[in-house]
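Note sheet for the following structure.
The values are calculated or read from the model by the stated rules, or taken from the named source; none is laboratory data. Fair warning: this is a prediction, and the values are worked out from it, not measured in the lab. Backbone-built Cβ (ideal geometry, glycine too); neighbour counts: all protein chains shown. Surface areas here come from the heavy atoms of the whole protein model, side chains and all, with no ligands, DNA or RNA. Shrake-Rupley method; radii C 1.70, N 1.55, O 1.52, S 1.80 Å.
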Amino acid sequence: MLPRDFTEEQSMFRAAYRRFLAAEIVPHMERWREQRIVDREAFLKAGAEGYLMVWPDEKYGGMGDNDFRFEQVILEETAYARVGDWYNSLHSRLVGPYLTRFGNEEQCMRFLPRCVKGECILAIAMTEPDAGSDLAGMRTHAEEHGDHWLLNGAKTYISNGINADLVIVAAKTDPQNNPHHMTLFLVERGMAGFERGRNLVKMGQKAQDTAELFFNNVKVPKANVLGMPGEGFKYLMKGLAEERLIGACGALSSAQLSYDLAAAYAHERKAFGKTLAGFQNTQFKLAELRTELDVAQCFIDQCVRAINAGALTAVDAAKAKLIASELQIKSADLGVQLHGGAGYMDEYPISRQFTDARIATIYAGSSEVMKIIISRDCLSEKYEPFNTRNF
Ligand SMILES: Cc1cc2nc3c(=O)[nH]c(=O)nc-3n(C[C@H](O)[C@H](O)[C@H](O)COP(=O)(O)OP(=O)(O)OC[C@H]3O[C@@H](n4cnc5c(N)ncnc54)[C@H](O)[C@@H]3O)c2cc1C
């Protein structure tokens, strides 16, 4: 594989975070999967060690280092340690930055220090029973009443839905029914009328609490409006490139693990007098996958450089999410196939790799949505043929 350009500090951070996962997270994972929710202590411990939110300014308790490679390290190590269903990066890098990106100083000071410590767990609620890929179809709405907004509606499939102390809720706010006129509300645990529904039973990602949320005449003070009323849809779109890169980094690391599990098993398992690795079919399948993983890793590392330079486009982020999530499934599927019957047994890690992977091409924008974004670009009138580009 081609060299990757992490700094010495980031490599040390990786080694330390790996040790933290092995000591504080991995040993509890089975229990968390059985109870279908991570103990809140996981967030508190990570916060105490400085692994929860590295990017916020020191005044909010963070390290103030916005180099995305720290998050890439966290995403890769979390997935490779098979604790991806902790969803720590959803709290720290997917939802957290909404506060600094669109919130005001008072909101940042009120919430971020507790988020960095793991005392205030974050979630974001966009999806509804009748609106997923097509967010403009959402029904949750809010009306302005003097010093507050009155929020009504229901959300579903919300990650950290049970554990969350602060939920960024997207709602329609235009009495004229403009479907893109949305506002983001900071809904806090304990607000009257904010209720949790079921902690949904899932195919994989079992430790993650994915829940229904209900809002019945929730009085949200104006101080809890995130950014400008009516701008919520644009805010959601602005965060998407980074969110998709987050998804891509984790997905590819999970694909790398499935490859390693498959290759190790192929060396061990014997059939017809030789190891599986001795069959040309196994060699070709693994060679093809190894190549795809290495090529994808280069692309994603390049996207990380781009985001650090403030130059990651929505289209490139969509390509990263598409390739990484498809490879996550492909790699887990090949791993199960090479394991034979053992691959279907939960006692083999590849089995859970497979069920955990299945969601990758659906959430954070499905593969079809990624292809819509990419095709709009590569088939547009503005598309530049290769030999006309300025390299
Ligand atoms: C484990 C998990 C965690 C999640 N966490 C969160 C969360 O924290 N917050 C949140 O808001 N949501 C969350 N979601 C919801 C997730 O983002 C949605 O499930 C996803 O956006 C797809 O929406 P949908 O389920 O309504 O599917 P639909 O939008 O109904 O899509 C169904 C199928 O139709 C395809 N499709 C849709 N539109 C088109 C089109 N124009 N062209 C071609 N094909 C199309 C889709 O690609 C998909 O294959 C989570 C979901 C899961 C399962």
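Three principal axis extents describe the C-alpha atoms of segment 239-382; from largest down they are 58, 27, 26 Å. Taking all protein chains together and rolling a 1.4 Å probe, Asp346 ends up with roughly 110 Å² accessible. Shown in residue order for segment 378-383 are the 3J(HN,Hα) couplings computed by the Karplus curve 6.51 cos²θ - 1.76 cosθ + 1.60 at θ = phi - 60°: 7, 10, 7, 5, 7, 4 Hz (x for Gly and Pro). Projecting the Cα positions of Val116, Asn88, Tyr17 onto the charge dipole of segment 1-136 (unit charges on Cβ atoms of Lys, Arg, Asp and Glu, taken about the Cα centre) puts Tyr17 furthest along the positive direction. Taking amide H as placed 1.01 Å from N in the peptide plane, Ala125 has its amide H under 5 Å from the amide H of Ile168, Val169, Ala170, each at least 5 places away in sequence or on another chain. Computed from phi, the 3J(HN,Hα) profile of segment 24-40 under the Karplus parametrisation 6.51, -1.76, 1.60 (θ = phi - 60°) reads 10, 10, 3, x, 9, 4, 4, 5, 5, 5, 5, 7, 6, 6, 7, 4, 4 Hz, with x in place of Gly and Pro. Derived scalar couplings between HN and Hα for segment 258-267 equal 4, 4, 4, 5, 5, 5, 4, 5, 5, 6 Hz in order, rounded to whole Hz, by the Karplus curve 6.51 cos²θ - 1.76 cosθ + 1.60 (θ = phi - 60°), x for Gly and Pro.
Can you tell me the FRET efficiency between Ala16 and Lys59 if r is taken as the Cβ-Cβ distance and R0 is 30 Å, rounded to the nearest 0.05? Rounded to the nearest 0.05, the efficiency is 0.80. Averaged over its residues, the chain has an accessible area of 47 Å² per residue, based on protein heavy atoms and a 1.4 Å probe.
Counting Cα-Cα pairs of the chain in 20 Å increments starting at 0 gives whole-percent bin shares of 27, 57, 15, 1. Each of Trp149, Phe70, Met191 was placed along the dipole of the chain (beta-carbon charges, centred on the mean Cα), and the one lying farthest toward the positive end is Phe70. From the Kirkwood radius over Cα pairs of segment 8-120, Stokes-Einstein at 20 °C and 1.002 mPa s returns a whole-number translational diffusion coefficient of 150 µm²/s. Dividing the convex hull volume of the alpha-carbon atoms in segment 124-229 by its residue count gives 96 Å³ per residue.
A simple spin-label model places pseudo-atoms 7 Å from Cα toward Cβ; at Ala23 and Met203 they are separated by 3.8 nm.
Assuming charge only on the beta carbon of Lys and Arg (+1) and of Asp and Glu (-1), the dipole of the chain about its Cα centre is about 660 debye to the nearest 20. When the chain is treated as a Gaussian network with alpha carbon springs shorter than 10 Å, the biggest mean-square fluctuation among His145, His180, His28 belongs to His145. Asp5 sits among other residues whose Cβ lies under 15 Å from its own Cβ, and their net charge, with Lys and Arg +1 and Asp and Glu -1, is -1. The loop-placed chymotrypsin sites (Phe, Trp or Tyr not before Pro) in segment 79-113, going by DSSP, include none that has at most 11 neighbouring Cβ atoms within 10 Å of its Cβ. Here the accessible area of segment 124-229 is 51 percent carbon and sulfur, with a 1.4 angstrom probe and all protein chains present. The magnitude of the dipole of segment 8-120, with charges of +1 and -1 set on the Cβ of Lys/Arg and Asp/Glu and taken from the Cα centre, is near 320 debye. Given their separation in residues at 0.36 nm each and the Cα-Cα distance between them, Met228 and Ala342 gain 35.7 nm when the chain is fully extended.
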